[in-house]
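All of the numbers you see were taken from the coordinates with simple rules; none came from a lab. Remember, predicted model here, so these are calculated numbers, not experimental data. Here Cβ is always computed from backbone atoms with ideal geometry, including for glycine, and neighbour counts include all displayed protein chains.
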Amino acid sequence: MAASQSSKNLYAVLGLTSTATKDEIRERYRTLALERHPDKNGGTAESTAAFQELNDAYETLIDPQRRQRYDEIQSGFQRQGSTWTHHAAGSYSNTARSENDETGGNTEDEEVKELLVMELSAALARQVAEDTRLEARIKFLEAEIERLRQPDDSKTPYQRAVEIRAAEVEIACLNSKRLTIENTIEAMEEVIMTHIMELHRMRQRNQARSAQERAEEQLRRGQERRAEEARARQAEEARRRANAASCRHKAEWHRVQGQHQCTECGAVQKRFAFKCLGCKKVACMECRRVLTGEGTGKSR
């Protein structure tokens with residue numbers, strides 16, 4: 001739909017209300033088309049523009065889908081999460097301002113943005129299809145004009161001239177509409193590209209946030225594991241000390257090879273020492289005899 005139509009009430013152009021039926025629209029258009037045809041109004045620029053405006057209004061309101069779209073725009077139709085306004089330049093822009101632009105958005109915002117790009121792409125495809133249809137119509141009218149300019153006994157020169165003039169007026173109207181649609185396509189392509197870039201940045205932010213959350217979770221788990229290991233070591237040390245305090249060193253002592261330091265006298269045993277299996281205490285031979293009571297007759 002042409003950009004100029006969003007600022008003018010198409011029903012008012014035809015002198016109808018928004019509840020008019022398809023038959024009423026068609027009948028009213030035929031009446032006004034005869035009255036406003038440029039050939040009956042001197043062929044001035046004003047009459048041509050008025051006739052074009054009439055054609056635009058009729059073509060929009062007679063088509064159910066285009067009429068529905070026009071009614072939605074006129075009533076401020078709102079899409080989920082954003083409101084669309086139709087500017088005079090023929091471009092659609094998203095006027096919703098999301099708080100997520102500053103916070104970085106989330107996965108749900110990314111899905112909304114993807115849906116938005118899909119909707120815009122579908123709207124762009126419709127505009128391209130309409131431009132293609134108009135181009136085909138113009139080519140048909142140009143071929144019709146060439147045919148009418150050829151001698152034809154079935155029509156008088158006046159009839160051919162009238163039909164040629166009508167075809168030329170329609171071509172002028174269609175070219176004007178194509179210009180508007182081409183401007184719309186160009187603007188929509190820019191909007192789509194902007195949203196695609198925003199979607200790309202949003203995905204990067206979400207991926208960075210997910211990576212940071214995973215790193216923080218791994219750090220937290222590592223801290224918990226180290227804390228648990230520290231508590232286990234403390235418990236083991238407490239148990240060892242408790243065993244050492246209550247141990248009477250009557251358990252079996254094992255001979256351990258290598259260099260060890262006696263926990264009683266502090267002497268370094270270079271070849272071997274003895275280890276109590278009850279409290280894990282390491283002692284030299286003399287201290288072991290004292291601890292077991294072999295040297296004094298009683299244990300410590």
Fewest-first sequence of Lys270, Lys281 by Cβ atoms within 10 Å of each Cβ: Lys270, Lys281
For Gln261, other-chain or 5+-apart residues with amide H closer than 5 Å (H placed, Pro excluded) are Gln269
